[in-house]
Amino acid sequence: MWSTAAPWCAHHRIRLLLPALSALFFVSVLFFFLASPRSSPSFFAVPASREHSPAGSRLIWAQRRVAEWRPCGWWRTAIPGEASCAPVSGSGSRICLSCGALVMIGLYPCSPSAAPPTRNGYIRIDCYGGLNQLRRDLCDGIAVARLLNATMVLPRFEVAAYWNESSGFADVFDVDYFIEQTRGYVEVVKDIPEEISLKEPFNVDCRKRKGHFDYVETVLPALLEHRYISLTPAMSQRKDRYPSYAKASYCQGCYNALQLNKKVEAKAIELLDAIPKPFLSLHLRFEPDMVAYSRCEYSGLSSKSMEAIEAARGQDRNVLTGDAAHLWRNRGKCPLTPSETAFILQALGIPTETNIYLAAGDGLMELDGFTSVYKNMYTKSSLLTHEDFERMHGNTKAALDYYVSVNSDAYVATFFGNMDKMVTAMRTVQGLQKTLVLSRRAFANYTAAGLAEDQLAKAMWDAHREDYIMGRGSALPEHCFCELKL
């Protein structure tokens, strides 16, 4: 009898003890969490679920994104190659047997990527401005060269006294790598035949053309006549209207073919290694010429800053006043001051002890308004030797900022200029998504509505969180990058 009752008693003792054991376990776990010191969220922490961060522990990088941008596969994976074509009776065209598209002889290939075996002439892209403007012109020029079926001569970087610059393409970029990576998309050569090189190229000025125009109709006749032309691409030209092979050449040339030469890259790696990790790269724009060009009025600046702005303003950059000034500022046309930038970063949960690399040029004003809040700031001049820094041209300094920013743990821009467009695109190519462009428009509109302190911080958080989780704010070229729903 005892032998049959024992298992029953043991079984029911366990059932009776289970609630007590569960309660004891719950109390132990609760005590552990209550007794443990609270830690602030890590700068680069990402939640394991799609839930929002709890109130009081907001961090912009911890927000789970619902959409991201990635390089489109069609131009990255396609191997350029010729498709077969058949002549069209009674015309100077061919038809692609694989896609049915009409193809002009000597201009369009049968493949959407591969360049035809014969060329219409040579083209040199003349680039102006600082490094990032030069790079913008070069990227556009690669597409134009492919569009016109021209052999591309190494681009010319114009000497710019304003930028303290005299370096050429080879002084910054790896020439052999550029030629190799563009092979099959557009032909690039270091030298041209002597009979052509003895004369200056015929210049076609496209810089000031407004609206959409056709390079084939406008520039191709000059190329066919002179065989060697130079041009600077039009800034306003819409690349989304290019045929697919020109788009592919643009994407490949701009995002896969431009690599710093070994000397500049070695110095960039040295600079990157010297920055304490992890770190955020901040492209802060508040130089006198930048503020003067914006035509915005600022109060509370030092007399030194005001004098520098007035000196850079000139006669055609008068400050806007009245309704025009309010409208201009509310459209996001006014650069953020360093103190405004610090305020927004705090609103986004960026800890004040964050290591920050300042990717900026010379002459930045009112920097105390930022460094009084974020004290762990590093610059090229503070990390490189004085001799190294003084020997560098403007393009080399810009290249270092570019390299560090692309490879930083996080990147924030206060003004979406040429450098920011290239850095955000290259970070997207590498799958680095902690990238954000601060909204000047949102800050201006909320301050105009009277918001300040905690209310303003909450509004800035909401605006930037929405941009970040939706993958907005980078304005990536849609023909090179595709949206991915997460």
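Descriptive notes on the structure:
- Reducing segment 251-328 and segment 385-418 to their Cα centroids gives an inter-centroid distance of 11 Å.
- A compact globular protein would have a Cα radius of gyration near 2.2 N^0.38 Å; the ratio found for segment 330-485 is 1.09.
- Hits among aspartates and glutamates - C-alpha to C-alpha of LYS263 under 20 Å, sequence gap 8 or more where chains match: GLU165, ASP171, ASP174, ASP176, GLU180, ASP273, GLU387, ASP388, GLU390, ASP401
- Whole-number D in µm²/s for segment 251-306 (Stokes-Einstein; Kirkwood sum over Cα pairs; 25 °C, 0.890 mPa s): 158 µm²/s
- Along segment 389-398 the Karplus relation, 6.51 cos²θ - 1.76 cosθ + 1.60 evaluated at θ = phi - 60°, assigns HN-Hα couplings of 5, 6, 6, 6, 7, x, 5, 5, 4, 5 Hz to successive residues, with x for each Gly and Pro.
- Spin-label model, ASN120/ARG317: points 7 Å from Cα along the beta carbon direction are separated by 3.9 nm.
- Using the 1.4 Å probe convention, the accessible area of segment 205-317 works out to 50 Å² per residue with neighbouring protein chains retained.
- Amide H contacts for ASN355 (H built 1.01 Å from N in the peptide plane; partners 5 or more residues away or on another chain; cut-off under 5 Å): LEU280.
The values are calculated or read from the model by the stated rules, or taken from the named source; none is laboratory data. Quick caveat: nothing in here was measured; it's all calculated off a predicted structure. Methodologically, a virtual Cβ is constructed for each residue, glycine included, from the backbone with ideal geometry; neighbour enumeration extends over all protein chains shown. Keep in mind that these areas ignore ligands, DNA and RNA; they rest on the heavy atoms of the full protein, side chains included. Shrake-Rupley method; radii C 1.70, N 1.55, O 1.52, S 1.80 Å.
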